[in-house]
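Data first, discussion second: the structure below is written as structure tokens.
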Amino acid sequence: MIPVEEALAGLFGLITPLGAEAVPLTRAAGRVLAADVVARRDQPPFAASAMDGYALRAAEAAPGARFRVIGEAAAGARFAGTVGPGEAVRIFTGAPVPEGADRVVIQEDTETTADGIVLTEGLDAGPHIRPAGGDFRTGDRIAAPRRLSPADVALAAAMNHPVLQVARRPVVALISTGDELVMPGEDPGPDQIVASNTFGLKALLEAEGAEARLLPLARDTEASLRMAFDLAASADLIVTIGGASVGDHDLVGKVAADLGLDRAFWKVAMRPGKPLMAGRLSGTPMIGLPGNPVSAMVCGHVFLRPVIRAMQGLPARPLETTTARLAVPVAANGPRTHYMRSEMTAEGIRPFASQDSALLSVLSRADTFLIRPPDAAAAAPGDTVACLHIG
């Protein structure tokens with residue numbers, strides 16, 4: 001067995017970042033930016049009013065001062081003249097500030113007169129003007145790589161980019177194996193169960209930006225597995241679920257080896273998830289996950305999510321962990337890193353009583369993995385522990 005950190009480093013060594021593709025802004029959110037976005041203009045491109053009010057000369061702004069209103073400036077329709085002494089222009093938010101004006105007095109601080117306005121007592125300091133280039137200037141950039149948030153998309157639009165270069169979505173072929181499996185909605189036989197792993201993993205992978213393809217269930221025969229691997233040949237990453245252990249019906253490793261798998265490692269010092277296998281099959285990275293539902297999903301968080309991020313050009317590193325205080329005592333750990341399904345409470349992190357790797361109901365309630373290092377001593381309430389948020 002190898003440590004979790006060594007296994008993840010080995011997986012990073014199997015993959016390379018994918019190429020880029022151009023997508024319109026309407027499809028860019030959540031994608032990983034592959035090339036810097038460089039601003040093509042200043043924002044705002046002119047000094048703009050931040051409030052509704054009157055544009056005038058700041059030196060003349062004092063309570064009781066009177067001004068003649070000589071025009072109006074609205075967003076998209078500037079006042080073309082110049083503001084002189086004793087003059088003001090009615091202005092609205094977003095409108096260009098007229099030449100000669102360097103102050104906007106908000107309309108609440110004015111009173112209308114027969115021929116203009118008078119400034120009232122309690123005049124604020126102003127100036128209520130957004131300077132040209134105050135948000136960004138030509139040449140400023142959104143640096144790649146980064147996963148594009150809705151705010152990033154808005155910024156790219158303001159920088160006048162209708163199309164962005166983003167990393168291609170990794171195509172992941174998911175192969176579930178086992179005679180005991182039927183698809184959801186089918187009628188299981190007396191010795192069968194409903195396949196669940198591929199659906200949870202598909203959701204997890206697609207949340208990270210991958211395109212996950214569910215292949216037909218592979219039965220516990222070499223011919224069925226060979227057909228599944230043939231169907232997966234065009235993928236960027238092959239992920240098998242089940243059949244990676246050492247039982248008489250665990251054929252994934254054997255069939256993959258017969259097909260030329262260059263195995264990088266097998267078995268990781270973790271629980272759940274020990275029988276993890278990885279390598280290259282005809283040049284395509286392959287990861288063999290254990291068949292227990294929770295084991296597969298834990299490995300999905302610990303290994304698949306970082307791998308998918310790295311394939312899109314993001315830094316090759318583990319998911320970020322945090323710390324929390326224990327709400328209950330935890331027993332000493334064994335020789336493998338333990339990812340305990342847990343929930344965060346007002347009292348601290350609380351692992352669930354049962355950690356059986358077959359219990360999806362417990363995983364569904366969990367929002368955090370409590371991470372127990374190998375051979376960790378017993379911990380008491382109030383102790384600080386490492387954790388990984390998954391909810």
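Taking residue 101 as the residue in question, decide whether it is among the small types (Gly, Ala, Ser) and under 11 Å from residue 55 (Cα atoms).
Yes.
Across region 1-12, the number of residues qualifying as buried (at least 17 other Cβ atoms within 10 Å of the Cβ) and without any contact (Cβ under 8 Å) to a residue 24 or more places away in the chain comes to 0. Among the residues making up region 188-209, those that are outside any loop (DSSP other than H, G, I, E, B) and in contact with a strand residue (DSSP E or B) (Cβ under 9 Å, 6 or more places away or on another chain) are 193, 194, 197, 198, 199, 201, 202, 203, 204, 205, 206.
Looking at region 289-391, the helices (runs of 4 or more DSSP H) lying wholly inside it that each contain 1 or more residues that are of a type outside the set (Ser, Thr, Tyr), closer than 30 Å to residue 19 by Cα and open to solvent by 20 Å² or more (accessible area, probe 1.4 Å) sit at 293-299, 305-311.
From the list 58, 50, the lone residue that is among the hydrophobic types (A, V, I, L, M, F, W, C) and within 46 Å of the chain's Cα centre (by Cα) is 50. If you go through region 13-40 and keep only what is surrounded by 15 or more Cβ atoms within 10 Å (Cβ to Cβ) and assigned to a helix (DSSP H, G or I), you end up with 14, 25.
Against the list (1) open to solvent by less than 50 Å² (accessible area, probe 1.4 Å); (2) within 29 Å of residue 156 (Cβ to Cβ); (3) in contact with a Ser or Thr (Cβ under 7 Å, 6 or more places away or on another chain); (4) not small (Gly, Ala, Ser), the condition residue 109 fails is (2).
Of these, 168, 147, 226, which one is out of contact with any Gly (no Cβ under 7 Å at 6 or more places or on another chain) and on the phi < 0 side of the Ramachandran plot? Exactly one of 168, 147, 226 is out of contact with any Gly (no Cβ under 7 Å at 6 or more places or on another chain) and on the phi < 0 side of the Ramachandran plot, namely 226.
Scanning region 136-156 for residues that are in a loop (DSSP other than H, G, I, E, B), surrounded by fewer than 18 Cβ atoms within 10 Å (Cβ to Cβ) and of a type in the set (A, V, I, L, M) turns up just one, 143. Only one of the numbered conditions (1) at pLDDT 90 or above; (2) not in a loop (DSSP other than H, G, I, E, B) is not met by residue 260, and that is (2). Residues in region 340-391 that are more than 27 Å from residue 197 (Cα to Cα), in contact (Cβ under 8 Å) with a residue 60 or more places away in the chain and in contact with a Lys or Arg (Cβ under 7 Å, 6 or more places away or on another chain): 384 only.
Residue by residue, here is whether (1) within 25 Å of residue 155 (Cα to Cα); (2) of a type in the set (D, E, K, R); (3) modelled with pLDDT under 95; (4) surrounded by 16 or more Cβ atoms within 10 Å (Cβ to Cβ) holds:
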site	(1), (2), (3), (4)
43	yes, no, no, yes
52	yes, yes, no, yes
82	no, no, no, no
97	yes, no, no, yes
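The values are calculated or read from the model by the stated rules, or taken from the named source; none is laboratory data. Since the structure is predicted, the reported quantities are computational estimates derived from the model, not experimental observations. Every residue, glycine among them, receives a Cβ derived from its backbone with ideal geometry; neighbour counts consider all protein chains shown. Accessible surface is based on the protein model in full, side chains and every heavy atom, while ligands, DNA and RNA are left aside. Shrake-Rupley method; radii C 1.70, N 1.55, O 1.52, S 1.80 Å.
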